[in-house]
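Notes to accompany the following structure.
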Amino acid sequence: MRMISWLGVAALGLSGMSWAFSARARLDPSAPWASGMVLIGPRADEQGKSEAPLNRGRLEMLVNGYKSIPGREGYITVSSIATPSRMLPAGERGEAILKGLALTQAKLAASLEVKLRPRLISWPMNQSSIDPSRLKSGRLPAPESDEILAGPDAHAEGPIAIDDRSLTVVGVLKPDLALLANTYLVPRNEHSRALFPPDNPDVGQVILVAIPSDRLRARSLIERFKKDFPSPDWRRISTDERIPGTTYGLYLLGMAVFLLGGTGALREVYRWAARKVGWRALADPLLEIDRRPRLFWTVHLVYFGLMFLGSIAIRGLPEVQAVMLGAIEGAFEQKGNLLAMAGEAYASGSVPRAAGVTFVVNFFLGSLAMLTLPSLVFPGGGAFAGALRASLWGVLLAPSHATMAQGMIPHSGTLLLEGEAYILAIFFGLLIPIRVFRKSQGLGLVDRYRGAVALNFKANILVALVLGVAAWYEAIEVIAQIH
């Protein structure tokens, strides 16, 4: 009965996450430039013509698939613009981050630059479906003036100084034009051409491709864009709707309820298994869990609590999350490391291969090396590494954007199972100092330490079993999302 109750709590939390995501204030998908891909590449010439001419047919094949043909059901006619652009300085925090990264990780700094710095774009007002109805406030710029439009996320309290000119924001675009979120638009004419000198390193060209959000998430499309617009000549940004604050809080609350219910259900599984399992190597750690409910719940609440604190804290620091996610993405693309091996396994679409790589990395590196061994050397020391990991989970996996929030609904099962395995490793690591310094057991110090170490080795069988289940679940849900 307890098991059913806890599973009901978990189902309630998962339903809360899904409801919060689906009930958010959505952008109008039919609006021009509602979603798509921003491609920043080779510099335009003095006449504003692209050095790499835009091939509309090629882009349509990218979006629809190479085997699609015009007239086929679901075929999309691509809207796109190729035009000169200019990088503008980011805010104080963003510029400080970029300068620091430039000294140590120039490649990462270059990839993040296009995400953190706003862009001034030469915009053909008479050809781009932007009229007064697309403005949230203000008006359209006057012809042959130093007036500009601001994208939904581009905030300027005063005029923008560029060279010897001062550009004034006279209108702000509606949030529905998310592809233009962090941009400023200056009407394309003779008066604005001087803002894009070809010898300026911040000046280049930008291609904006309007793509429906459901197709934009397809891994095959992203891979084709990488092939047709390769780095470092091209840098790519896909639009991603930012989750509003109220929705964000409700979503995190639902996730917390899900993890609470899942933890309770797993405890009931351990209690049942402790009575049924006859193999001492597995029964001993299960019985230890059953005897220490307070420590069991305390470790869970602290671990997942730190994760949620990380998600709450990073809400106001989107630049920091962008840096960390950029570093992880870069590691996946570097050959020869564990993350690259895992990325290749998931890209292959093979569930057994992905699950196998995931288990090896999580058990031997994530659990044994980072949690159990430190606790053996410094009794209970693995808890510090576990606390850091929980906080990083919160920062990296914070559902601050729609793509992440949508993916985290099924991925919360991975958080529960994988987190449970790490929590078990921390739990038994903490039992080392508890047993060593408890003289009531009537054994010598060395014998108490040996007993605690032996219990940890047995506990790793249970940790491996949980991580094995977690690896299979993660492989199935991640591959289903990206393929």
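The values are calculated or read from the model by the stated rules, or taken from the named source; none is laboratory data. Note that the structure is predicted; figures quoted are calculated from it, not measured. Here the Cβ is made from the backbone with ideal geometry for all residues, glycine too, and neighbour counts use every protein chain on show. Accessible surface areas use protein heavy atoms only, side chains included; no ligands, DNA or RNA. Shrake-Rupley method; radii C 1.70, N 1.55, O 1.52, S 1.80 Å.
Hey, does region 238-249 have a residue that's surrounded by 15 or more Cβ atoms within 10 Å (Cβ to Cβ), part of a helix (DSSP H, G or I) and either in contact (Cβ under 8 Å) with a residue 40 or more places away in the chain or of a type in the set (Lys, Arg) (or both)?
Within region 238-249, one or more residues are surrounded by 15 or more Cβ atoms within 10 Å (Cβ to Cβ), part of a helix (DSSP H, G or I) and either in contact (Cβ under 8 Å) with a residue 40 or more places away in the chain or of a type in the set (Lys, Arg) (or both).
Take residue 375 and decide whether it is assigned to a helix (DSSP H, G or I), in contact (Cβ under 8 Å) with a residue 24 or more places away in the chain and more than 30 Å from residue 11 (Cα to Cα).
yes
Quick one: what pairs do we get from region 466-483, first residue under 19 Å from residue 341 (Cβ atoms), second assigned to a helix (DSSP H, G or I) and among the small types (Gly, Ala, Ser), C-beta under 7 Å, 6+ apart or different chains?
Close Cβ pairs (under 7 Å, with a partner that is assigned to a helix (DSSP H, G or I) and among the small types (Gly, Ala, Ser)) amount to 467/367; 467/421; 470/421; 471/355; 472/355; 475/354; 475/355; 479/354.
Open to solvent by less than 80 Å² (accessible area, probe 1.4 Å), of a type in the set (Val, Ile, Thr) and in contact (Cβ under 8 Å) with a residue 60 or more places away in the chain: is that true of residue 436 in this structure?
Criteria not met by residue 436.
For every residue, the table says whether it meets (1) farther than 28 Å from residue 142 by Cβ; (2) part of a strand (DSSP E or B); (3) open to solvent by 50 Å² or more (accessible area, probe 1.4 Å).
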| residue | (1), (2), (3) |
| --- | --- |
| 84 | no, yes, no |
| 89 | no, no, yes |
| 93 | yes, no, yes |
| 99 | yes, no, yes |
| 108 | yes, no, no |
| 112 | yes, no, no |
| 115 | yes, no, yes |
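Please enumerate the residues belonging to region 267-307 that are within 23 Å of residue 371 (Cα to Cα), among the hydrophobic types (A, V, I, L, M, F, W, C) and over 27 Å from the mean Cα position of the chain (by Cα).
Result: 281, 282, 283, 286, 287, 289, 295, 296, 297.
With respect to residue 252, is the statement that it is in a helix (DSSP H, G or I) and more than 23 Å from residue 38 (Cα to Cα) true?
Against the criterion (in a helix (DSSP H, G or I) and more than 23 Å from residue 38 (Cα to Cα)), residue 252 qualifies.
In region 379-397, is there at least one residue being touching a strand residue (DSSP E or B) at 6+ places or on another chain (Cβ under 8 Å) and at negative phi?
The answer is no, given that none of the residues of region 379-397 is touching a strand residue (DSSP E or B) at 6+ places or on another chain (Cβ under 8 Å) and at negative phi.
If you go through region 445-467 one residue at a time, do you hit one that is buried (at least 17 other Cβ atoms within 10 Å of the Cβ), within 23 Å of the chain's Cα centre (by Cα) and under 30 Å from residue 315 (Cα atoms)?
Yes, region 445-467 has at least one match.
When you look at residue 224, is it out of contact with any strand residue (DSSP E or B) (no Cβ under 7 Å at 6 or more places or on another chain), open to solvent by 10 Å² or more (accessible area, probe 1.4 Å) and either hydrophobic (A, V, I, L, M, F, W, C) or within 30 Å of residue 409 (Cα to Cα) (or both), yes or no?
yes
Among the residues of region 17-25, are any surrounded by fewer than 17 Cβ atoms within 10 Å (Cβ to Cβ) and modelled with pLDDT under 90?
yes
Being of a type in the set (D, E, K, R) and over 13 Å from residue 120 (Cβ atoms) is the filter here; which residues of region 173-225 pass it?
174, 176, 190, 199, 214, 215, 217, 219, 223, 224 - these are the residues of region 173-225 that are of a type in the set (D, E, K, R) and over 13 Å from residue 120 (Cβ atoms).
Please go through region 272-284 and give me each residue that is more than 18 Å from residue 421 (Cβ to Cβ) and part of a helix (DSSP H, G or I), ordered by number.
Within region 272-284, 272, 275, 276, 280, 283 qualify.
Report yes if residue 345 is under 26 Å from the mean Cα position of the chain (by Cα), of a type outside the set (D, E, K, R) and buried (at least 20 other Cβ atoms within 10 Å of the Cβ), otherwise no.
yes
Please find, among 274, 265, 256, 281, the residue that is of a type outside the set (Lys, Arg), surrounded by fewer than 21 Cβ atoms within 10 Å (Cβ to Cβ) and farther than 30 Å from residue 454 by Cα.
Among 274, 265, 256, 281, only 256 is of a type outside the set (Lys, Arg), surrounded by fewer than 21 Cβ atoms within 10 Å (Cβ to Cβ) and farther than 30 Å from residue 454 by Cα.
Which one of these does residue 419 not meet: (1) in contact (Cβ under 8 Å) with a residue 40 or more places away in the chain; (2) surrounded by 19 or more Cβ atoms within 10 Å (Cβ to Cβ); (3) of a type outside the set (S, T, N, Q); (4) over 16 Å from residue 306 (Cα atoms)?
(4)
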